[in-house]
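Beneath this line is the structure, given in structure tokens, with notes to follow.
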Amino acid sequence: MERMNFRFVVKEAQVEMRNGNQSYATIVLEDIRRGVFVVHPVTDFIRSRYGTKTNYNTQKAPAETIKRFLNWLFFENHEIYGLNTFEHLQIKHVVEYLNYLGEVKQNKRGTIKGTENYLTEFYYFLQKRGVIPEIVRRIPSFNGKKTVLESPFSSEGLAMPTRNLLQARLNDFPSLELVQLFLETARDVTPEIAFGIYLQFFGGIRRGEIVNLDRGSIQASGPYGSAGMTVEIIDRPELFARIRDASKNSVKNPRNQSILFTPMLPVLYKHHLNWLEVNAHSKKDDPLFIDKSGNAMSGAVYEQRFMSVKKAFMERLLRMKSPHTSYLNKYTWGTHIGRGIFTNIAAKFIAKTPQELALIRGDRTLDTALRYMSSLRIQKEINQGLDDIFKF
């Protein structure tokens, strides 16, 4: 066959079931010239590892990752590798692909690591099916309670990008005014998570903890929390029974978390409850954040919504000709910036000691609080020193 006419493609397949249609991410081999395709057997990897009744988005990410790898290996670089079957897949193929993503495509470290994880799962699947020899092995997890897959690629010449690692991830906005602007943008773009973003920015609640909330998690004093709010954070696995990979839906530290008050709190909470009344299709489990199907929103979907807000926010700053645009574009940041913003607000205006900051954050140790308080102290001393130098 003429390889330039073929590509692996991910398509959404609708399967008619007795209780309604179900969606699956399907990898197909497409004849571009003729416009026809056939489902490829590698789809079984997606179905068996990630497929459930309603989580097409969860399936799509690994399917797209595998598709890109296969296209790169079997079509774009066929002259180099000469591969025609999966039986000849080797460790070096993944290592060279990951290095290509970092060195040529300039992908970020997190993207490369995520790709490595998916390809480790993929090789393990092929290994269990007897397609390739034993390459991937299971090792005890950190706590020893279960086993996890060990990547065979990290020790084989994989060059993870190291540029600007100390400054790669942003953990705070350069101005508190940007916090309000971001929340206003969220209310306009994704009203379904605007209140969740507030809880992150002013309560330090992680993404996985946000999606585990139900309506009963919120303890509000006064109308819509105008006199204070506390959030009960615990794992609620019943919300995600439909999702096989719940890695982005977990609670790191169960606790009751106090939320800092600003005038936007009761506004966003009331707005969110009104939105739920219109959009919630059922009261089952009563999740506080729901997806378009009315199910509890997964961490992956929440993350996608957050990135939509970020995109609109950055476009808004650009139109405003904000001096912060270049700075924010320079760094990587996502949902976890909320915890950093909350920590810096608490360190600057509330906590007097690392112990107090750790308590406010809901930490089990003082390590992070000590780093924040030390950094803040040093910055104050630098600023004071500059003030003294330039006194006339």
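Filter the stretch 140-162 for residues that are modelled with pLDDT under 85, farther than 19 Å from residue 110 by Cα and not charged (D, E, K, R) and give the result. Correct list: 140, 141, 142, 143, 144. Does at least one position in the stretch 292-307 carry a residue that is modelled with pLDDT of 90 or more, of a type in the set (Asp, Glu) and under 17 Å from residue 182 (Cβ atoms)? No, there is no match, as no residue in the stretch 292-307 is modelled with pLDDT of 90 or more, of a type in the set (Asp, Glu) and under 17 Å from residue 182 (Cβ atoms). Residue 310 - would you say it is at pLDDT 90 or above, in a helix (DSSP H, G or I) and charged (D, E, K, R)? Against the criterion (at pLDDT 90 or above, in a helix (DSSP H, G or I) and charged (D, E, K, R)), residue 310 qualifies. Of everything in the stretch 229-244 that's farther than 23 Å from residue 334 by Cβ and modelled with pLDDT of 95 or more, which residue is surrounded by the fewest Cβ atoms within 10 Å (Cβ to Cβ)? The qualifying residue surrounded by the fewest Cβ atoms within 10 Å (Cβ to Cβ) is 234. Restricting the first residue to the stretch 342-354 and requiring it to be free of Cβ contacts under 8 Å to residues at least 60 places away in the same chain, which pairs with a second residue that is β-branched (Val, Ile, Thr) meet a Cβ separation below 6 Å and a spacing of at least six or different chains? Listed pairs, sorted by first residue: 351/360. Counting only residues that are surrounded by 14 or more Cβ atoms within 10 Å (Cβ to Cβ) and not small (Gly, Ala, Ser), the stretch 245-263 holds 10 of them.
Would you point out the residue of the stretch 204-228, among those that are over 18 Å from the mean Cα position of the chain (by Cα) and on the phi > 0 side of the Ramachandran plot, that is surrounded by the fewest Cβ atoms within 10 Å (Cβ to Cβ)? Per the criteria, the residue is 222.
The values are calculated or read from the model by the stated rules, or taken from the named source; none is laboratory data. Source: prediction; values computed, not measured. A quick note on method: Cβ atoms are made from the backbone with ideal geometry, for glycine too, and the neighbour counts reach across all protein chains shown.
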